[in-house]
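Encoded as structure tokens, the structure appears first; notes follow it.
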Amino acid sequence: QVQLVESGGGLVQAGGSLRLSCAASGSIFSINAMGWYRQAPGKQRELVATITSSGGSTNYADSVKGRFTISRDNAKNTVYLQMDSLKPEDTAVYYCHIVVVTRSITHLAVWGQGTLVTVSS
């Protein structure tokens, strides 16, 4: 089917930067929307950012606007999240999410395994 591999998480000091990557592979015909979500300890998963299939439109949670940038490389089936000016409240497990059309023309919503981002004060 379709697999997602995330990378780029880690420990960073407040004010620092990290770049997350999420690469999709498998039986992919096309990828529609791609996005990033996060879940902090004891909290519900929340949307961080999304990007349309062409990359022409993006959407951000208010809490990350102006600090995070989502982008995608359709040739590599990869979505990125550039995170700048990180704050301790950005600490969470970050998950990528894609809506994919498989080669058998099945529409799937697929989640990554999650990558931990820890921001120290």
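The values are calculated or read from the model by the stated rules, or taken from the named source; none is laboratory data. Note that this is a predicted model, so its numbers are computed, not measured. With ideal geometry, Cβ positions are generated from the backbone for all residues, glycine too; neighbour counts draw on all protein chains shown. Accessible surface is based on the protein model in full, side chains and every heavy atom, while ligands, DNA and RNA are left aside. Shrake-Rupley method; radii C 1.70, N 1.55, O 1.52, S 1.80 Å.
Using only the heavy atoms of the protein chains and a 1.4 Å probe, how would ILE28, ILE98 rank by accessible area, largest first?
ILE28, ILE98
Looking at segment 55-121, none of the chymotrypsin sites (Phe, Trp or Tyr not before Pro) sits in a DSSP loop with at most 11 other Cβ atoms within 10 Å of its own Cβ. Between ALA40 and ARG19, the contour length at 0.36 nm per residue exceeds the Cα-Cα span by 5.8 nm.
Please go through segment 8-71 and write out the trypsin sites (Lys or Arg not before Pro) that DSSP classes as loop and that have at most 12 other C-beta atoms within 10 Å.
Those satisfying the criteria are LYS43, LYS65.
Of all aspartates and glutamates in the structure, the ones whose alpha carbon falls short of 18 Å from that of LYS43, not counting any fewer than 8 places away in one chain, are ASP62, GLU89, ASP90. Cross-link partners of LYS76 among lysines, defined as those whose alpha carbon lies under 27 angstrom from its own and excluding same-chain residues fewer than eight positions apart: LYS65. Maximal additional length on extending the GLN3-THR102 stretch stands at 34.5 nm, based on 0.36 nm per residue less the C-alpha distance.
Length gain on complete extension for the stretch ALA109 to SER85, per 0.36 nm per residue less the alpha carbon to alpha carbon distance?
Details: separation 24, 0.36 × 24 = 8.64 nm, distance 3.03 nm.
That works out to 5.6 nm of additional length.
Rolling a 1.4 Å probe over the protein heavy atoms gives the chain an accessible area of 51 Å² per residue.
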